[in-house]
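Please find one structure pasted underneath; my questions will follow.
The values are calculated or read from the model by the stated rules, or taken from the named source; none is laboratory data. Being a predicted model, the structure only gives us computed values, none of them experimental. Note: ideal-geometry Cβ built from the backbone for every residue, glycine included; neighbour counts use all protein chains shown. For accessibility, only protein heavy atoms count, side chains too; no ligands or nucleic acids. Shrake-Rupley method; radii C 1.70, N 1.55, O 1.52, S 1.80 Å.
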Amino acid sequence: MTAVHPVVARVTERIVARSAAGRAAYLARVAEARAEGPARGALGCGNLAHGFAACGPQEKAALRGTSRPNVAIVTSYNDMLSAHQPFRTYPERLKKSILLAGGVAQVAGGVPAMCDGITQGRAGMELSLFSRDVVAMSAAIALSHDMFDGALMLGVCDKIVPGLVIGALSFGQLPTVLVPAGPMPSGLPNAEKGRIRKLHAIGKVGRDELLDAEAKSYHSPGTCTFYGTANSNQMLMEVMGLHLPGASFVAPNTPLREALTDEAGRRVVQGVPPIAEILDEKAFVNGVVALLATGGSTNHTLHLPAMAAAAGIELTWDDFAELSSVTPLLTRIYPNGGADVNHFHAAGGTGFLISELLDAGLLHEDVKTVTGEGLDAYTTVPVLTEIEGLLWKPAPESSGDEDVLRPAARPFSADGGLRMVEGNLGRGVVKVSAVKPEHRVVEAPARVFSTQEQILAAFEAGELDSDVVVVLRYQGPRATGMPELHKLTPPLSVLQDRGVKVALVTDGRMSGASGAVPAAIHLTPEAAAGGPLARIRDGDVVRLDADSGKLEVQADLTGRPATGAAPSRQEWSGTGRDLFAAFRASVGPAERGASVF
């Protein structure tokens, strides 16, 4: 076995030491729950009768005792979201495979699943990040009935998977498998989609042509194929050992996808380590490394710390930064290239990626997964044969397309493409994997805004046609729920294409669709919490240096009053926002996961 890289070992040891008390307390709670044995056995007769009242005779007979495990199915199914629509048929399929394996299954509950793609630029986007914690609470409610000996969590997209994991970790004694649905077929090439978006931003194509392009990109059941948060989720769940090997990017409604779903049901009955044992410090380090190696979503600088905290582990942005310094970028997937996840999967996918990272000493092999012991099982790919059925074979030894996926010896870049920046404006995150080196340092006067609409209006009026650092504040979790700001990507890209030196600095999010314009995001402390961003003014010279990790304003902010303000409670209402006022009041800072827990 290849020795673990010294930086990976050092960061892991630091996380273990930092987390010792919290992790010990969490594991003690899990051990206490496990010692009580199957919770169903302690239910009173009336409680238990309520729990199996709707079951058939065979299931009722099994659930009267404790010899056959009962598996909770927690699903994010809805048929509006393309990524989650395939889950419609999963419960009945899983119930059959679990019954054949000697268990019983019940749909324990559903969790909400909202789509950032639909809510972009809308008021609903201001609920998006908070929905992660709602999903976690919903999953916990589903599992709270003391009826279950294991769990299958059905989810794919942005906040849903982290929320499911956080909820499952609150029942860390349960064997748990995450069950994916797979990506839709490739549609309109990403470069063409981006071209039409830019043309629309400058008024050269109309709404009908733009809508036609978007509809050709997002066109069928399955996950959107660009490498945003949804597909970063899938890759992470596999590398962290919660998916079956090679399960992440198999297309929906195919025989192989169905066989993998059946196998997930069998595995959770036949023996899977409790999720508390799978998600340890090494698993989270593996997740960070894989995120960096693939240029994955910046949303996971929020989600991974939040998931880690649910397991009693303290993961920080400094850990991301140090791991990024030694993690090579091995993929080019849109928005960091022209390919999509289907091309990545065809080129060798997660099996090849994990094999390369293990050989380079950048992943911990000695971890627990839903397959048992060791990450080496994830250097394989699933195949479906007529005689033997589902089996796994070694992943390809070479990439099928080095424009998409490369070996560690020939990376696209020597580091992971994710930088932490800090200075007198606070701390933030920059995803540089899609930003050309000549655009990574911008020093220019600030134009300060409090809404996306103000920026779009200034762009259309020609007010941003000279070098500029666009500052968008009061977009953090305490201000407006930390919405994603994708609407800004086309106009800012147009400015950059015109030769304007442009950067974005914000306490909001840009997500996995961060593009070629340098953006310092997730700035903390946020403006609504009294951060220095609240005191910056138009004309202040700001320097964003993603190469050296610096973010500075060349002005003395001492004693300056804050200008602008977060929306009042009355203003932050409508589209359900008023129901989340308590979340906005209690949410933590971005660098600790922007969580209400």
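Out of 264, 247, 230, which single residue is assigned to a helix (DSSP H, G or I), at pLDDT 95 or above and either within 19 Å of residue 89 (Cβ to Cβ) or not charged (D, E, K, R) (or both)? Give the steps one after another, and end with the answer.
On the way: 247 fails: assigned to a helix (DSSP H, G or I); 230 fails: at pLDDT 95 or above.
Among 264, 247, 230, only 264 is assigned to a helix (DSSP H, G or I), at pLDDT 95 or above and either within 19 Å of residue 89 (Cβ to Cβ) or not charged (D, E, K, R) (or both).
Got at least one residue in the range 61-72 being hydroxyl-bearing (Ser, Thr, Tyr), touching a helix residue (DSSP H, G or I) at 6+ places or on another chain (Cβ under 8 Å) and under 19 Å from residue 178 (Cβ atoms)? Full working, then the answer.
Step one: filter the range 61-72 for residues hydroxyl-bearing (Ser, Thr, Tyr), giving 66-67.
If we keep only those that are touching a helix residue (DSSP H, G or I) at 6+ places or on another chain (Cβ under 8 Å) as well, we get 66.
Then drop every residue that is not under 19 Å from residue 178 (Cβ atoms), which leaves none.
There is no residue in the range 61-72 that is hydroxyl-bearing (Ser, Thr, Tyr), touching a helix residue (DSSP H, G or I) at 6+ places or on another chain (Cβ under 8 Å) and under 19 Å from residue 178 (Cβ atoms).
Within the range 157-180, can one find any residue that is surrounded by fewer than 21 Cβ atoms within 10 Å (Cβ to Cβ) and not in a loop (DSSP other than H, G, I, E, B)?
No, because not a single residue in the range 157-180 is surrounded by fewer than 21 Cβ atoms within 10 Å (Cβ to Cβ) and not in a loop (DSSP other than H, G, I, E, B).
Looking at (1) over 27 Å from residue 304 (Cα atoms); (2) at pLDDT 95 or above, find the lone condition where residue 594 falls short.
Every condition holds for residue 594 apart from (1).
Give the residue that is surrounded by the most Cβ atoms within 10 Å (Cβ to Cβ), with candidates limited to residues of the range 62-88 that are more than 23 Å from residue 175 (Cβ to Cβ) and free of Cβ contacts under 8 Å to residues at least 24 places away in the same chain. I'd like the intermediate steps shown before the answer.
Filtering the range 62-88 for residues more than 23 Å from residue 175 (Cβ to Cβ) gives 78-86, 88.
From what is left, the residues that are free of Cβ contacts under 8 Å to residues at least 24 places away in the same chain are 79, 88.
Values: 79: 11, 88: 14.
Looking at the filtered set, the residue picked out is 88.
In addition: Find the helices (runs of 4 or more DSSP H) located wholly in the range 1-100 whose residues include 1 or more that are at pLDDT 95 or above, touching a Leu at 6+ places or on another chain (Cβ under 7 Å) and among the β-branched types (Val, Ile, Thr), and list them. Spell out how you get there, then give the answer.
On the way: elements: 6-18, 20-35, 45-52, 57-63, 90-100.
Helices (runs of 4 or more DSSP H) meeting the threshold: 6-18.
If you don't mind, there's one more thing I want to ask. For the range 189-222, how many residues are outside any helix (DSSP H, G or I) and either closer than 15 Å to residue 497 by Cα or over 25 Å from the mean Cα position of the chain (by Cα) (or both)?
Here the count works out to 5.
For the range 428-477, how many residues are touching a helix residue (DSSP H, G or I) at 6+ places or on another chain (Cβ under 8 Å), surrounded by fewer than 24 Cβ atoms within 10 Å (Cβ to Cβ) and basic (Lys, Arg)?
Final tally of qualifying residues: 1.
Oh, and also: Which numbered condition in (1) under 22 Å from the mean Cα position of the chain (by Cα); (2) surrounded by fewer than 20 Cβ atoms within 10 Å (Cβ to Cβ); (3) of a type outside the set (A, V, I, L, M) is the only one that residue 564 fails?
(1)
In the range 356-401, how many residues are part of a loop (DSSP other than H, G, I, E, B), open to solvent by less than 70 Å² (accessible area, probe 1.4 Å) and over 30 Å from residue 276 (Cβ atoms)? Explain how you work it out, then say what you get.
Taking the range 356-401 as the starting set, the residues that turn out to be part of a loop (DSSP other than H, G, I, E, B) are 360-367, 370-371, 374, 386-388, 395-401.
Subset that is open to solvent by less than 70 Å² (accessible area, probe 1.4 Å): 360-365, 367, 370-371, 374, 395-396, 399-401.
From the residues that got through so far, the ones that are over 30 Å from residue 276 (Cβ atoms) too are 396, 399-401.
The number of residues fulfilling the criteria is 4.
What do you reckon, is residue 107 in contact (Cβ under 8 Å) with a residue 12 or more places away in the chain and under 18 Å from residue 229 (Cα atoms)?
No; evaluated as a whole, the condition is false for this residue.
The conditions are (1) modelled with pLDDT of 95 or more; (2) surrounded by 12 or more Cβ atoms within 10 Å (Cβ to Cβ), and residue 569 fails exactly one of them. Which is it?
So residue 569 meets the others, but not (1).
I would also like to ask the following. Where the second residue is crowded, with 17+ Cβ neighbours inside 10 Å and aromatic (Phe, Trp, Tyr) and the first is more than 19 Å from residue 298 (Cα to Cα) and lies in the range 432-452, which pairs have Cβ atoms under 7 Å and are six or more apart or on separate chains?
What qualifies is 450/474.
Any residue in the range 19-33 that is open to solvent by 60 Å² or more (accessible area, probe 1.4 Å) sitting within a Cβ distance under 8 Å of a residue that is in a helix (DSSP H, G or I)? List the pairs, counting only those 6 or more apart or interchain.
Sorted first by the residue in the range 19-33, then by its partner, the pairs are 27/276.
Something else: From 286, 299, grab the single residue that is farther than 26 Å from residue 106 by Cβ, of a type in the set (S, T, N, Q) and either open to solvent by 10 Å² or more (accessible area, probe 1.4 Å) or at pLDDT 95 or above (or both).
Values: 299 fails: either open to solvent by 10 Å² or more (accessible area, probe 1.4 Å) or at pLDDT 95 or above (or both).
Result of the check over 286, 299: 286.
Quick check, is residue 446 at pLDDT 95 or above, in contact with a His (Cβ under 9 Å, 6 or more places away or on another chain) and outside any helix (DSSP H, G or I)? Walk me through it before giving the result.
Values: at pLDDT 95 or above: yes; in contact with a His (Cβ under 9 Å, 6 or more places away or on another chain): no; outside any helix (DSSP H, G or I): yes.
It is false that residue 446 is at pLDDT 95 or above, in contact with a His (Cβ under 9 Å, 6 or more places away or on another chain) and outside any helix (DSSP H, G or I).
Can you name the number of the only condition in (1) in a helix (DSSP H, G or I); (2) open to solvent by less than 40 Å² (accessible area, probe 1.4 Å); (3) farther than 19 Å from residue 390 by Cβ that residue 225 fails?
Exception for residue 225: condition (1).
For residue 353, only one of the following conditions fails: (1) surrounded by 22 or more Cβ atoms within 10 Å (Cβ to Cβ); (2) aliphatic (A, V, I, L, M); (3) out of contact with any strand residue (DSSP E or B) (no Cβ under 9 Å at 6 or more places or on another chain). What is its number?
The one condition residue 353 does not meet is (3).
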